[in-house]
Amino acid sequence: MKTRRDFIKMSAVAGTAIAGATVATSSLARLPDPVTQTSPDTASPIKTDENSNYNPVVTLNGWTLPFRMNGEYKEFHLVAEPVVRELGPGMTANLWGYNGQSPGPTIEVVEGDKIRIFLTNKLPEHTSIHWHGQRLPNGMDGVAGLNQVAVHPGKTFVYEFEAKRPGTFMYHPHADEMTQMAMGMMGFWVTHPKNEHPWISAVDRDYCILLNAFDIVPGSETPNIMTMLDFNLWAWNSRIFPGIAPLVARKNDRVRVRVGNLTMTNHPIHVHGIEFEVTGTDGGPTRPESRWKEVTTDIAVGQMRQIEFLADEEGDWAMHCHKSHHSMNAMGHDVPTMIGVDHRGITEKIRKLVPDYMVMGERGMADMTEMTMPLPDNTLPMMTGDGPYGSVEMGGMFSMLKVRADLAPDDYSDPGWYKHPEGHQAYEYNGELPELSKQLTPGNSLMAPKSQLASAHFKAVKPTLHKG
Ligand SMILES: [Cu+2]
């Protein structure tokens with residue numbers, strides 16, 4: 001049986017301290033002390049005697065909930081409560097979550113474990129928890145009104161079931177779902193296989209990412225819960241770039257990334273630099289002969305996907321949702337396209353009144369990253385993130401896979417920027433240019449003139465066009 005001292009020891013080896021990471025284990029205590037996390041940093045995996053038979057997962061900008069053994073049960077205590085979550089450096093949000101954070105802590109168990117979860121409701125309204133994807137008795141499935149009475153404010157309910165199948169799962173309320181999920185109530189669940197499984201390979205690093213989305217008006221702090229489609233903050237584990245921690249791997253590590261989608265749209269998750277296989281879905285591990293390599297996998301609403309790859313190329317590889325509006329932050333909407341619109345006349349007139357005035361998006365949107373226009377308080381720029389060579393011009397669902405040869409096996413800290421070996425980086429050409437390529441567009445206008453479009457269209461077959 002786990003002692004209180006063991007849990008103190010556990011928290012000491014974690015990458016970030018888990019506040020009060022002790023769980024009352026006296027059998028006199030009828031339920032475990034709730035453990036709270038106050039930091040949005042990524043907690044390193046905690047190695048104990050009890051998890052020596054699996055490689056613990058790492059939740060990006062998250063943590064794993066400690067448990068206590070009580071007889072043959074693993075006992076956890078989740079507390080549903082309002083939380084303040086830092087979405088990124090300089091932006092916090094009033095969310096609802098579990099044990100101090102949104103998303104809630106990851107629950108990590110082994111196939112065959114008997115699980116007992118206490119849910120205490122500290123929200124102003126009733127809630128419940130649905131254990132998305134699990135095989136369990138119908139009365140433990142957590143749909144308020146259908147499977148159980150809703151858990152009213154101040155009440156504690158108990159869920160008990162066996163972790164029947166290994167895989168990637170999620171948990172979320174099934175009571176006033178629209179409000180509670182829009183406010184950030186959700187969490188990850190991983191069940192490791194009890195024995196060696198022919199379709200589940202051992203990996204060196206095992207990451208968890210929960211996709212979620214918020215609609216927070218720039219300058220405000222609380223999500224609009226009525227939004228159905230037009231969210232403006234696309235998050236991984238309730239963090240937005242540049243607030244999302246990198247996925248760190250040692251060269252030639254086998255890496256698994258588990259992704260769950262609890263937003264209201266699909267997300268094509270794309271990784272640069274490697275090819276991966278989808279090794280597991282909502283229903284469990286995929287048959288090895290059914291797998292193929294790809295670099296983007298679409299994750300539909302309510303789905304979970306496990307991807308796996310060999311991290312055999314060093315570097316800082318981008319990893320992001322491929323919907324371009326999902327890799328930027330708020331302010332991206334309701335702005336008309338200004339590319340090619342000549343507003344020199346009007347700009348001059350406005351500058352007489354407002355000296356620093358500049359037009360948004362005149363040459364594209366990249367200007368936005370360097371724009372000195374003041375943003376409302378508590379708002380991150382639409383496109384941001386300083387890289388070693390300038391702005392990365394990203395936001396939202398964007399992070400990096402950082403692969404390094406000189407990394408300790410248990411090191412999950414950000415190794416900094418990759419140093420490119422000689423001859424491994426794009427460089428500027430400084431030689432003579434052919435006449436036609438000297439100007440971006442004739443006369444440096446923002447758009448091709450109509451006359452040129454016409455001639456290009458009708459004369460494209462004439463090779464003389466390219467001779468200058
Ligand atoms: Cu997306």
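Taken over segment 267-289, the criterion of being surrounded by 15 or more Cβ atoms within 10 Å (Cβ to Cβ) and within 16 Å of the ligand (Cβ to nearest atom) is satisfied by His267, Ile269, His270, Val271.
Note on segment 241-259: residues that are among the small types (Gly, Ala, Ser) and over 20 Å from Ser201 (Cα atoms) total 2.
Does Asp298 qualify as being out of contact with any Leu (no Cβ under 9 Å at 6 or more places or on another chain), outside any strand (DSSP E or B) and within 16 Å of the ligand (Cβ to nearest atom)? No: the conditions fail for Asp298. With a requirement of 1 or more residues that are more than 18 Å from Ser327 (Cβ to Cβ) and at pLDDT 90 or above, the strands (runs of 3 or more DSSP E) lying completely within segment 368-443 that satisfy it span 398-404. Taking segment 229-266 as the range and being outside any strand (DSSP E or B) and away from the ligand (no atom under 16 Å from the Cβ) as the test, the residues that pass are Pro242, Gly243, Ala245, Pro246, Lys251, Asn252.
At pLDDT 95 or above, buried (at least 17 other Cβ atoms within 10 Å of the Cβ), over 15 Å from the mean Cα position of the chain (by Cα) and farther than 26 Å from Ala163 by Cβ: is that true of Ala311 in this structure? So Ala311 fits the description; yes.
The values are calculated or read from the model by the stated rules, or taken from the named source; none is laboratory data. Since the structure is predicted, the reported quantities are computational estimates derived from the model, not experimental observations. Positions of Cβ are generated from backbone atoms using ideal geometry, with glycine treated the same way; all protein chains shown enter the neighbour counts.
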